[in-house]
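Below is one structure, written out as structure tokens, with a few remarks after it.
The values are calculated or read from the model by the stated rules, or taken from the named source; none is laboratory data. If you're wondering where the values come from, they're calculated on a predicted model, not measured in any experiment. FYI the Cβ positions are ideal-geometry reconstructions off the backbone, even for glycines, and counts take in every protein chain you see.
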């Protein structure tokens, strides 16, 4: 009888020892591989200025959309601040004659356009505008100044397939993500004497785009400081160029 059960008993003994060693190892490391999957929902809210182009009400044609991101000084809850610079300022002064739907949101105080939450909020805002207005989805553009310039780079690299072109002004971004927008038309503006956001911030992104084959446009104002957006948004060619850009393959 002993011979009959010798090998099975030996095998069971070895397996028990192996299992015991594995258990000891888990106890020593105190770690086991696990996984988790869930759905996270967010509630977002943002206030914004909306401009509809002349003749929009009487036309059935979809209109191009220009999303404008302001700088750090215009954050808060007073929408009048948003109209200090850029397209909303030109609209407020009656100096705007472009065919864009212009959406100018306001970033909350103490937040940044590059925050993940704000990026999600801007995406949701665009969804809302597309749903409720006649938007040409092949001609959606983003531009912004200073903090808004950084936000423009961030938003484009997060969702490049959504936009037809971008125009960041005195901003900067992560050059590692330049490859994400290698096919996206980009026109960058910066003042050479900018002592708030050094021109190097734009140069880094421009060079990164060139390295991945993007024919990026770069306008430098040699005698201008941080307020390069004044000259940039007074450039009619900027809006002509934007309107010529459509999403690739559309």
For this session: Evaluate the following for residue 246: is it touching a residue at least 60 places away in the same chain (Cβ under 8 Å) and out of contact with any helix residue (DSSP H, G or I) (no Cβ under 8 Å at 6 or more places or on another chain)?
Result: yes
For this session: Inspect all residues belonging to the stretch 67-86 and state whether any of them is at pLDDT below 95 and surrounded by 10 or more Cβ atoms within 10 Å (Cβ to Cβ).
Result: no
Problem set entry | Counted residues, the stretch 177-207 - those being more than 17 Å from the chain's Cα centre (by Cα) and within 22 Å of residue 161 (Cα to Cα) | 1
Seminar exercise, completed: When restricted to 102, 135, the only residue farther than 19 Å from residue 159 by Cα and either touching a residue at least 60 places away in the same chain (Cβ under 8 Å) or crowded, with 20+ Cβ neighbours inside 10 Å (or both) is 102
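Rundown of residues vs (1) touching a strand residue (DSSP E or B) at 6+ places or on another chain (Cβ under 8 Å); (2) assigned to a loop (DSSP other than H, G, I, E, B), yes/no style:
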position: 167; (1), (2): yes, no
position: 171; (1), (2): yes, yes
position: 177; (1), (2): no, no
position: 187; (1), (2): yes, no
position: 198; (1), (2): no, yes
position: 204; (1), (2): no, no
Seminar exercise, completed: Restricting the stretch 106-129 to residues that are free of Cβ contacts under 8 Å to residues at least 24 places away in the same chain and either in contact with a strand residue (DSSP E or B) (Cβ under 7 Å, 6 or more places away or on another chain) or part of a helix (DSSP H, G or I) (or both), the one nearest to residue 70 (Cα to Cα) turns out to be 116
Problem set entry | Search result, residues across the stretch 92-102 that are outside any strand (DSSP E or B) and either within 17 Å of residue 48 (Cα to Cα) or touching a helix residue (DSSP H, G or I) at 6+ places or on another chain (Cβ under 6 Å) (or both) | 92, 96, 98, 100
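Does the stretch 35-46 contain at least one residue that is surrounded by 14 or more Cβ atoms within 10 Å (Cβ to Cβ) and touching a residue at least 24 places away in the same chain (Cβ under 8 Å)? Spell out how you get there, then give the answer.
First pass over the stretch 35-46, keeping only residues surrounded by 14 or more Cβ atoms within 10 Å (Cβ to Cβ): 46.
With the extra rule that they be touching a residue at least 24 places away in the same chain (Cβ under 8 Å), the set shrinks to 46.
Yes, because at least one residue in the stretch 35-46 is surrounded by 14 or more Cβ atoms within 10 Å (Cβ to Cβ) and touching a residue at least 24 places away in the same chain (Cβ under 8 Å).
Yes/no matrix, rows are residues, columns are (1) part of a loop (DSSP other than H, G, I, E, B); (2) more than 19 Å from the chain's Cα centre (by Cα):
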| position | (1), (2) |
| --- | --- |
| 35 | yes, yes |
| 64 | no, no |
| 67 | no, no |
| 77 | yes, yes |
| 81 | no, yes |
| 88 | no, yes |
| 104 | no, no |
Exercise. Which ones in the stretch 140-157 are crowded, with 24+ Cβ neighbours inside 10 Å, part of a helix (DSSP H, G or I) and in contact with a strand residue (DSSP E or B) (Cβ under 7 Å, 6 or more places away or on another chain)?
Worked result: 148, 149, 151, 152, 153, 155
Problem set entry | Leading residue by the ranking (surrounded by the most Cβ atoms within 10 Å (Cβ to Cβ)) among those in the stretch 214-250 that are at pLDDT below 95 and more than 21 Å from the chain's Cα centre (by Cα) | 250
For this session: Would you check if residue 210 is surrounded by fewer than 22 Cβ atoms within 10 Å (Cβ to Cβ) and either assigned to a loop (DSSP other than H, G, I, E, B) or in contact with a helix residue (DSSP H, G or I) (Cβ under 8 Å, 6 or more places away or on another chain) (or both)?
Result: no
